[in-house]
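The values are calculated or read from the model by the stated rules, or taken from the named source; none is laboratory data. Owing to the predicted nature of the structure, the values given are computational and were not obtained by experimental measurement. FYI the Cβ positions are ideal-geometry reconstructions off the backbone, even for glycines, and counts take in every protein chain you see.
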Amino acid sequence: MTQNILVTGGVVYLGSHTILCLLDAGFGIVALDNLCNSSCESLRRVEKICG
């Protein structure tokens, strides 16, 4: 069973890189971000990298 992790601020620089590391380690991710200091483009880039 895959363990899910909630990443707050998941679309900003540090959060998106944390997500990549956690995905690489086999975790499921739920990202939460209010987008006040970021944009959805960061999330699209993570999706592109991860496939």
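Would you tally the residues in segment 1-20 being of a type in the set (S, T, N, Q) and at pLDDT below 90?
First pass over segment 1-20, keeping only residues of a type in the set (S, T, N, Q): 2-4, 8, 16, 18.
Keeping just the survivors that are at pLDDT below 90 gives 2, 16.
Count: 2.
Which residues, counting only those in segment 1-24, are hydroxyl-bearing (Ser, Thr, Tyr) and surrounded by 15 or more Cβ atoms within 10 Å (Cβ to Cβ)?
Step one: filter segment 1-24 for residues hydroxyl-bearing (Ser, Thr, Tyr), giving 2, 8, 13, 16, 18.
Ser16, Thr18 - these are the residues of segment 1-24 that are hydroxyl-bearing (Ser, Thr, Tyr) and surrounded by 15 or more Cβ atoms within 10 Å (Cβ to Cβ).
Return the residues of segment 21-51 that are at pLDDT 90 or above and either assigned to a helix (DSSP H, G or I) or among the β-branched types (Val, Ile, Thr) (or both); say none if nothing qualifies.
Across segment 21-51, the qualifying residues are Cys21, Leu22, Leu23, Asp24, Ile29, Val30.
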